[in-house]
Each structure stands twice: as C-alpha cells, then as structure tokens.
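Q: A single structure is presented below for examination.
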Amino acid sequence: MIEILISIFVLIGGFFSLLGSIGILRLKDVYGRIHAATKSATLGVVATITGTFLYFLIIDGEFSGNILLTILFVFMTAPVAAHIISRSAHRTGIKLWEQSTVDELVDTYPEKERQLHQQAEKTERS
C-alpha cells in the first residue's frame, strides 16, 4: 500500500515536470516561461523528493534529514530566483506579450530610469 503512495508522489512530480516543460515551449514571453519553469521546479521536484523521502523512511527505515533540507531549499529558493529574474527582465526593458493585460511594475521605477530605458530603445532602433 505504501509503495502505491510513493509511486503517486513520483508520478505527480513527473507530471508537473512535464507540464512545466510544455509551458516553457508554449508560453509566449519570458515572464510566462519563468512562471512555468518555477512551478515545475517547485511542485515537480518537491513531489518527487517527497516520494524519495517516504521510500527511505518507510521502506528502508532510514530518516534522511538531507532530503528534508533539499525540499525546504527548493521550496524557498525557486520562487525567489524566479522573482529576481523576472524583475531584472522587466528592468532591462523586455516587453510583455502583446495580449498581457496588466503590467503591475510599470510605476515602480523612477522616472529617470524609465527615460534611460526609452533612450536605449531609440538607440537600438536606429
């Protein structure tokens, strides 16, 4: 019975990893792709590692603190890294997909920085 539970965790991890890969291929802009990659890493990897933890704990009878620390590490770092990457992409002027409806970061940067970005865009176009 417990093998079925462990298998379910591993299958859920594989399913989320597959969905993340499809999302990276199908989504139109860098922000959507970052979102897909982060969800894949967070949910897929954590589910797979949870299955691994349960296997070693219940089947082998060994408690592995390293696996728990890995789950905690992935849960904490993947969303933060995605946030930093997407914020950096926005600051460097990477455009949203044309059909994106809301840009919540448009008013977060000072006017001087926005002017520098506009000048850089004009220079790139000419």
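Laboratory data are not the source of any read-out in this text; all were calculated from the coordinates shown. Worth saying up front: this structure is predicted, and the values here are computed from it rather than measured. Please note: Cβ atoms are built from the backbone with ideal geometry, for glycine as well, and neighbour counts cover all protein chains shown.
Q: Ordered by packing density, taken as the mean number of other Cβ atoms within 10 Å over each peptide's residues, highest first, how do 34-42, 10-18, 71-79, 55-63 rank?
A: By packing density, highest mean first, the sequence is 34-42, 10-18, 71-79, 55-63.
Q: Can I ask one more? I'm spelling it out carefully: the read-out is Cα extents along the principal axes in Å, the candidates are (i) 38, 34, 30; (ii) 95, 30, 24; (iii) 65, 28, 23, and one was derived from this structure. Which label?
A: Answer label, from the structure shown: (iii).
Q: Give me a comma-separated list of calculated 3J(HN,Hα) values for segment 18-25, in order, Karplus coefficients 6.51, -1.76, 1.60 applied at θ = phi - 60°, integers in Hz, x for any Gly or Pro.
A: With the stated coefficients, segment 18-25 comes to 5, 4, x, 5, 5, x, 5, 6 Hz.
Q: Helix 65-91: angle to the longest alpha-carbon principal axis of the chain, degrees 0 to 90, nearest 10?
A: 10 degrees
Q: Could you give the length gained on full extension between Asp60 and Lys122, defined as 0.36 nm per residue of separation minus the Cα-Cα distance, in nm?
A: Stretched fully, the Asp60-Lys122 segment lengthens by 16.0 nm.
Q: Could you count how many Lys pairs in the chain have their Cα atoms under 19 Å apart, skipping same-chain pairs fewer than 8 positions apart?
A: Lysine pairs meeting both conditions in the chain amount to 5.
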